[in-house]
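**Student:** What follows is a structure written as structure tokens; I'll ask about it next.
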Amino acid sequence: MSLCFIHISATLSARSPVEVDSLTSLINNAKQMIPQNLEAADSLSEIVLERSLVNQNDSLTGRAYYLLGVINYYKGNHLLSSGYYNKGLETELAATDEEFASALWNNLGVNLEYENEYEKAVEAYLKSLQLAEKLEDSLSIHQSYINIGLLYIWLTHYNQAETYLDKALDYFKRLEDDNHVGLCYHNLAILYDRSGNSEKAVETYDKSIDFYRKSGNQMELASASHDKINLLLEKKAFEAAKQGLEEAVRIADKLSNPYTSGNFNVLRGKYLFYAEKEYEKAEEYFHEAITQLESSNAQKQQINAYYMLANLYAATGNRDKHRQVLDKHNELLQQNFNEKSSEKIAEMRTLHEVEQKNMQMLALQRQSAQQKMIIILAVVLLLLALGAIVVIYFFNRKIHREHRALYKRNMELTKIIEQEQQVAQQNQFYEGNEMKKASHMFFEELFEQIKKYIIQNKRYLDSGLKVADIASEVGTNEKYVSQAISIGSKIHFNEFIAFYRINEAKKLLSSDHIQTLSISDVALRAGFSNQSTFQRKFKEMTGMTPYTFKRIASEKVVYSIEEN
């Protein structure tokens, strides 16, 4: 399963080309934020959706729906994501742009597959495939064959599944695309396994593993190896399973991924349990797997590990532990069910709210159109021109006053921080690391210790500063440093360090060197590794851009902090 991403563009509207350009820029920025900064991308996309509905720009409306679908997919809100894709399919853009519609249908299929709606997912993939065939996009066509083939496996339509997968396999072999060839063999192996042909399944898993190894795709190599070993254990082919596990351990070590290691440890435990009857060693592997899977938030795999551990205790006659583990297994099952139910209810509520909001936007759109007509008929061009001049004049004056007020407040804050730094320099730094209980008081004291150290040594000027560095230098661990900063400052480590960096930047921007330092120079001197991050953080913490702050500082206006 893979999402389709499309190039974001928009047809210009004759009514407001400037705003359309601005909204197109916003939606492109939102796309670049995915998946690293989903909340910011969500906010920008919502703005574009609202404005495009008001302006009746169908192109931007459709693309905003598409992007909100992608964002909610990455958030795990598959039902809500599907709702946005369906809204996108209702737009005129989807009816005229086959590439856009194909991407919507493909991504809708991905969501439906996650929700185990396999028949609906097949329908969505087939519609995406039909559009890809019209566009003569061979790569997308054969990628769709892989998706459809896998879905037909889950639906037990094995002949249809094999037909699609064979077509894809032949195409990607001709392209010499080892990764996709490996994926085709992997899905075919699953097909043979589920249809009862275990011998052919093992043979096909081996082919898949060989091609994944050639392509260098370690994650898929691990997945195929896991599936093969699990089949061998089920068929009690213990010697072959043992050999596979030795290779699997090497793969897991390369990946250093707790999810992969946890899944392989479950298999190692199963092998020792069923083949070697080494119950204590098997128990160790199951416990280790549970810890690793818990750290990866892999609840489904955790449930499986608890199930195997419960079987082990049952086989060894340990009734107390069997009961405890079985209770935990059932608790996780119930928790998983409750979470999924709550998430679906919340997503349905959000979908309803989105629909209501869209209706309100359409009503505002009609009202706005009427008001514009009245204004056009009632107001003469001269009055509009004069009014615009007056509005711009007073708006600029207001903005200038607000910027001056912001500058004054920021300079006051800088002075307070400087006083705090002077106090920190006068106090002796406490370097001891006496053992204390990890209580609230302990973390408050540790926070003061960290803050003094950072201020005295100006560690915030180091652009590569990490939690691990501070932990090492104050003689504690990363978790304690993060907790202490969170408790003491009510913000996370990155925000805490950024606070002091921004303060340093404000001093540089208002210093005598203001005319010679560029914004990029200020960013580097203040401890930021790149200018874009600096500008974003500066705006968040001061309310104005570095350029505006620099301009006001250059006016040489003297503010007295005693003024009201």
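**Student:** Out of everything in the stretch 462-497 that is open to solvent by 40 Å² or more (accessible area, probe 1.4 Å) and of a type in the set (Ser, Thr, Tyr), what residue ends up being farthest from Ala526 (Cα to Cα)?
**Tutor:** Filtering first and then ranking leaves Tyr480.
**Student:** In the set Ala161, Ala168, Ala95, which member is farther than 29 Å from Gln36 by Cα, open to solvent by 30 Å² or more (accessible area, probe 1.4 Å) and aliphatic (A, V, I, L, M)?
**Tutor:** Ala95
**Student:** If I filter the stretch 173-182 for residues that are of a type in the set (A, V, I, L, M, F, W, C), surrounded by fewer than 23 Cβ atoms within 10 Å (Cβ to Cβ) and more than 27 Å from Glu115 (Cβ to Cβ), do I get at least one hit?
**Tutor:** Within the stretch 173-182 (the criterion being of a type in the set (A, V, I, L, M, F, W, C), surrounded by fewer than 23 Cβ atoms within 10 Å (Cβ to Cβ) and more than 27 Å from Glu115 (Cβ to Cβ)), the answer is yes, since at least one residue qualifies.
**Student:** Report whether or not Phe534 is at pLDDT 90 or above, open to solvent by less than 50 Å² (accessible area, probe 1.4 Å) and either of a type in the set (Phe, Trp, Tyr) or assigned to a loop (DSSP other than H, G, I, E, B) (or both).
**Tutor:** So Phe534 passes the test.
**Student:** Moving on to the next point. Taking the stretch 142-158, which residues are within 29 Å of the chain's Cα centre (by Cα) and surrounded by 19 or more Cβ atoms within 10 Å (Cβ to Cβ)?
**Tutor:** Once the filter is applied, which keeps residues that are within 29 Å of the chain's Cα centre (by Cα) and surrounded by 19 or more Cβ atoms within 10 Å (Cβ to Cβ), the stretch 142-158 yields His142, Gln143, Ser144, Tyr145, Ile146, Asn147, Ile148, Gly149, Leu150, Leu151.
**Student:** Still on this structure: Any residue at all in the stretch 454-461 that is at pLDDT 90 or above, open to solvent by 60 Å² or more (accessible area, probe 1.4 Å) and under 24 Å from Met441 (Cβ atoms)?
**Tutor:** Checked the stretch 454-461: no residue is at pLDDT 90 or above, open to solvent by 60 Å² or more (accessible area, probe 1.4 Å) and under 24 Å from Met441 (Cβ atoms).
**Student:** Something else now. If only one of Asn116, Asn159 is assigned to a loop (DSSP other than H, G, I, E, B) and either closer than 30 Å to Gly196 by Cβ or modelled with pLDDT under 90 (or both), which one is it?
**Tutor:** None of the others qualify; the one that does is Asn116.
**Student:** Determine, yes or no, whether Ala222 is open to solvent by less than 10 Å² (accessible area, probe 1.4 Å) and within 24 Å of the chain's Cα centre (by Cα).
**Tutor:** So Ala222 passes the test.
**Student:** What pairs come up if the first residue lies in the stretch 19-31 and is over 13 Å from Ser52 (Cα atoms), the second is modelled with pLDDT of 85 or more and hydrophobic (A, V, I, L, M, F, W, C), and their beta carbons are under 7 Å apart, counting only those six or more places apart or on different chains?
**Tutor:** Asn29/Leu44; Ala30/Ala41; Ala30/Leu44; Ala30/Leu67; Lys31/Leu67
**Student:** Does Gly76 fit the bill of being over 18 Å from Ser144 (Cβ atoms) and modelled with pLDDT of 90 or more?
**Tutor:** no
The values are calculated or read from the model by the stated rules, or taken from the named source; none is laboratory data. Nothing here was measured: the structure is a model prediction, and the numbers come from that model. Methodologically, a virtual Cβ is constructed for each residue, glycine included, from the backbone with ideal geometry; neighbour enumeration extends over all protein chains shown. Calculation scope for accessible area: heavy atoms of the full protein, side chains included, ligands and nucleic acids excluded. Shrake-Rupley method; radii C 1.70, N 1.55, O 1.52, S 1.80 Å.
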